[in-house]
Every structure is written in structure tokens, then in C-alpha cells.
Amino acid sequence: RFPYESEQRIEEGQGSGFIFDDGLVITNAHVINNTQRLIIGLSDGRKYRGSVVGKDLITDLAVIKLEGKGPWPKAILGDSDKILVGDWAIAVGNPFGLKNTVTLGIISNISRNSSQLGIYDKKFELIQTDAAINPGNSGGPLLNNNGEVIGINTLIRSGPGAGLSFAIPINKAKKIANDLIKTGQVIHPMIGISLLNEFDIKNNKKTVKVEYVMPRSPAEKSGILKDDLILKINQKVVQRASDVVNTINNNGINQNINILIKRRNRLINIKVKPIDIRKLRSN
């Protein structure tokens, strides 16, 4: 639990999290955002103050350091790259303040992009599950049937499509957490496009189309246009939008990316250098 105290008045909010390294807790950034005091309650009843090591609002992740001495009950981290649709999913947390609640479901999708959910101010691909996640579950672990953490519960779908929940894959979360521990911030390379997965019935193959190009972005400056089809990125064939996103993430902001696009009946090679998303938003 993460009760907090505001500057103007005493308030109490709560969320979930788990210890992934000696004295280090990972949770959602929105759970601890704008808080002045953190108290972490362990499942055995012990309570400790905590301090924020770093937070990244783009991926909604934060790392907290416990102010105290262990030993600490550390979670066993799994490998989110190995999960499959249909695998068991177990969500653990404190929904509505009900401590140590466990719910069960299955993995229903392993790469749900946040933009597909109408979330454009974040940047992540999510695990989709039907395990019940409610307010207070945010930041808690999503486990496989071996008790290993495969994701971090982050949001629920309300309204149409209610009953679906989403978690940040643990492999992505580990990288973000390591960056926060080392530097206190995370670099997010972006070129300024949104992509759409389509299926070309005529040629019986998947295609990735540019759905939107942000004004004054590296993509616009390099000549990428709406409705361009991305065929290759850094000489690798593109089959889905995540291929492009992952290549840009791994590329960083210091070197060009080579993109082969198809525009009507023309093939065009384009070079574009990503910039950090914060700089892109300030343009």
C-alpha cells in the first residue's frame, strides 16, 4: 500500500507494488505521482517509509527505495517473451484496499498497443488478460502459474469491453527500472508516426501503414507521408507495427534508421534519426 500526504491537506491513496531487488520496489508512476510521503506496507505487516528513485510517466513505471534494513521478500521475475495466449494469469494486489487479493484469468493478447486503447500520452505494448483488476491493483504483479512475475498491472477497461485488464510486460519493466536506477530517467526514441496493422487480401500478406505523421517531427522532415506502407526497417522485413516500434526503441537517438516504404507503386528509401519523445512534444 502507498498512503500519501498532500501539501494542502491530508489525503490517502493506495496502490500495489512488489520488491524486485534488495530494498527496491516497482510500481506504476501514477500510483506515486505528486505524493510527498510514501509508506510501504509488506504482506507480513511490516511498514517502511520509501523514497522515489525515479519515475517514467511515458511507460507509467516507478521505482521506490525502502528506507530500512531487510531481509526483503523478493518476487521471482519471469520472462514475458515466453508467454502465450491462453496461458494462466494471476493478478495480485490490494483492490479497493482489500489486502493480498488474488484473481485468476488467462492471457488473451500479448502485444496490445496503448494507442489501440485510445491512450496516446503513454508508450507501451501491454499484456491483455481477463483476470479481474480493480482500483488499488495498479502496480501489482501479474503472475504465471509458476508464481513468476510476467507483468505489472496497470489499467482496466471500463465501458464497452469492460472485463479486460492490461499489464506492462516484465521484460520491458526491468529495462525501464534499470534505467531509472542508473540515471533517474528514460530516453524514449520517437520519429513521430502512428502505425496501423492491415491485411492485404489481394496479395495475402500483412502490411503496416502509416496512419498519422506528427507535424515538425523527424518523420515529416524526412519525407514520410500518411498512407505510406513500411516494408523494411534497417533491412529487416516488417510484418507488424511492433517490428517498427521495437527497432526504433533499440536504435536510440544518436543514429539514423533506414526505412523502405511503398508509396502507391514506388519504392522509396528514407533515412530518419529518432529524437527523444520529450523533445518531440516540445516542438
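Give me Rg/Rg_expected for region 164-283, where Rg uses Cα atoms only and Rg_expected = 2.2 N^0.38 Å with N residues.
1.14
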Which whole-number value in Å² is the accessible area per residue of region 137-283, probe 1.4 Å? 55
Under a Cβ-only charge scheme (Lys and Arg +1, Asp and Glu -1), can you give me the dipole magnitude of the chain about the Cα centre, in debye to the nearest 20? 1040
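What is the gain in length, in nm to one decimal, between residue 253 and residue 221 on full extension, counting 0.36 nm per residue of separation less the C-alpha to C-alpha distance?
On the way: separation 32, 0.36 × 32 = 11.52 nm, distance 1.56 nm.
Separation in residues times 0.36 nm, less the Cα-Cα distance, equals 10.0 nm.
FRET efficiency for residue 51 and residue 148, Cβ-Cβ distance as r, R0 = 30 Å, nearest 0.05? Don't skip to the answer; put the middle values down first.
Values: r = 28 Å, r/R0 = 0.92.
Result of the calculation: an efficiency of 0.60.
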How are the alpha carbon pair distances in the chain distributed across 10 Å bins from zero to the largest one, expressed in percent? 6, 27, 31, 22, 11, 3, 0
Lys/Arg Cβ at +1, Asp/Glu Cβ at -1, dipole of the chain taken about the Cα centre: which of 133, 152, 255 is farthest positive-ward? 255
Projecting the Cα atoms of 194, 62, 218 onto the charge dipole of the chain, where Lys and Arg contribute +1 and Asp and Glu -1 at Cβ, the residue farthest towards the positive end is 218
Reachable lysines from residue 205, criterion Cα separation under 30 angstrom, eight or more residues apart if same chain: 82, 122, 123, 172, 221, 226, 232, 236, 262, 271, 273
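Give the carbon-plus-sulfur fraction of the accessible surface of the chain in %, rounded to a whole number; probe 1.4 Å, heavy atoms of protein chains only.
The computed percentage sits at 49.
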Estimate the FRET efficiency between residue 263 and residue 183 by the formula 1/(1 + (r/R0)^6), using the beta-carbon distance for r and 41 Å for R0, to the nearest 0.05. 0.55
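The values are calculated or read from the model by the stated rules, or taken from the named source; none is laboratory data. These numbers were taken from a predicted model, which means no experiment stands behind them. FYI the Cβ positions are ideal-geometry reconstructions off the backbone, even for glycines, and counts take in every protein chain you see. Heads up: the accessible areas ignore ligands, DNA and RNA and are worked out on the full protein's heavy atoms, side chains in. Shrake-Rupley method; radii C 1.70, N 1.55, O 1.52, S 1.80 Å.
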